Amino acid sequence: MTVPSTAQQVAAHLMRTGKTASGAALASQLGVSRAAIHKAVEVLRAQGFGIHAVAGEGYTLGSVPDVLLAEVVVPRLAPESLGHGGWDHHAVLESTNTRAAELARAGAVHGTVVVAESQTAGRGRRGRSFVSPPGTGIYLSVVLRPAIHPSQAFRLTVCGALAVVDACLKEGLAARVKWPNDVYAHGKKLCGVLAEMHADMERIHHAILGIGVNVNTPVAAFGPEVASLASSVAVLLGRPVDRVAFCANLLAALTTWYNAALRDFPAVVAAARTHSMTLGTQVAVLDGERRYEGFAEDLDEDGALLVVTPDGTRRVVAGDVEPVGGAVGGHAGPRG
C-alpha cells in the first residue's frame, strides 16, 4: 500500500467530516507543517476542488471535481480495497491496459489502478476498439497478482463483469452479463471487460484487468455504427450519474468479488448465473474459424459456458457468443 500524499489526506479529511478545518489542526493531525497544508490546498484547487478559506476558521470544502483523481476516489474506498496500492491518473492515454502492464513490469504492487479520462486506442477482446470519449465514462485497469494457476485467469473477467453489475445496481439500474465479458441493460451494451496476463506455465506474474463503462456518455458520442447497440447508465436512468461514486462502488465490488474468487469461486459462478443474460437462450458460438449453434444451458465450476448442441454439450472458454435470432436475455437473472 502506498502512503497517501498530503493533498490526498487533506481532501479525505475535508470530504469525510464536511466541516471547516484550520491549517494548524490539519498540520497537527497529519504530522506536517502548515506550509505543507497550504501547498496541498493549492494543489487541490488546481485540480478543481472548491476549497474556501474562512477567515479565522480555516478551510472548508465547497465542491469536488468530476475527475477520477486519487484525491477524489481513494478517500471513498475501504483501506483493504483495490486502489490503495497506487493510483495513476491521466487526462488521456492510448490504453489503460497498456499503461498498467508497463507499471506491472516495472514492479507496481497488487491493487495499483490506472485511470484515464479518455482513451485514444481503448481496446476490447480480439483487438476490437472501445469508444472512450473524454470525461463521461470510467476507463480503468487494475494490476493484480493473483495466486491462481494461469488456466484460472478467466475468473478475473467474471469478477470484473459482476463488479460492474453491482455498481449499476447501486444506481438503481438492473444490468446483466453477456458471457463472457460484456455488461448490458435494456438490451444495450454498457461495459466491456478485458483481462490480460503475463505468466509462465505454472504461475501468473501479473494480470491486468481493464474495465470500460459508459457512465454519462451521450448516445451521439458512439457514432452511427455503435449508437444502436450501446448506451450509458445515465441515458438509461434518465439522469446524470456521479462518476466518482460509481468508480468507488465499482472498485469496492471488484475487491469483494476478487477476494471471493480466490477462496470460494463457486459462489462467484452462482452470482454469474443469477446475472446472466446468455443462459437459457439459443446462441451462436464463433471460435476461430468454427461456428456452431446451441442452447446456453449453464456455467461450469470454472465459469465456462456449457452449450448443448446436436452433437453433444460443448464447453466454451473462448470465442464470441451471440444470441440467435436477435434474442436478448434468458431465464436467469434480473431483467434490465
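Some observations on this one:
- By other beta-carbon atoms within 10 Å, ranking TYR139, TYR258 with the fewest at the front produces TYR258, TYR139.
- Which of VAL73, VAL10, VAL324 has the fewest Cβ neighbours within 10 Å, and the rest in rising order: VAL324, VAL73, VAL10
- Hits among aspartates and glutamates - C-alpha to C-alpha of LYS178 under 12 Å, sequence gap 8 or more where chains match: ASP320, GLU322
- Residues CYS168, CYS191, sorted so that the one with the fewest Cβ neighbours within 10 Å comes first: CYS168, CYS191
- For the pair the range 90-106 and the range 33-60, the centres of their Cα atoms are 31 angstrom apart.
- Helix-only arithmetic for the chain: the sum of -39500 (n - 2.57) across DSSP H runs with n ≥ 4, divided by the residue total, places the mean residue ellipticity at 222 nm at -9000 deg cm²/dmol.
- Relative contact order of the chain, pairs being alpha-carbon contacts under 8 Å that are 6 or more residues apart, as %: 14 percent
- log₁₀ of I(q)/I(0) at q = 0.12 Å⁻¹ - the chain, Debye sum with one point per alpha carbon: -0.85
- Computed lengthening from ASP287 to LYS170, 0.36 nm per intervening residue step minus Cα-Cα distance: 38.6 nm
- Reach of LYS39 by Cα under 27 Å, taken over lysines that are not fewer than 8 positions away in the same chain: LYS19
- Within a Gaussian network of the chain (alpha carbon springs, distance under 10 Å), most fluctuating of GLY160, GLY50, GLY111: GLY50
- Acute angle (nearest 10 degrees) that the helix 34-46 long axis makes with the longest principal axis of the chain, alpha-carbon atoms: 50 degrees
- Size descriptors for the range 6-63 (Cα atoms only): Rg and Dmax, in that order, 9.9, 25 Å.
No value in this document is a laboratory result; all are computed from the given coordinates. Owing to the predicted nature of the structure, the values given are computational and were not obtained by experimental measurement. Methodologically, a virtual Cβ is constructed for each residue, glycine included, from the backbone with ideal geometry; neighbour enumeration extends over all protein chains shown.
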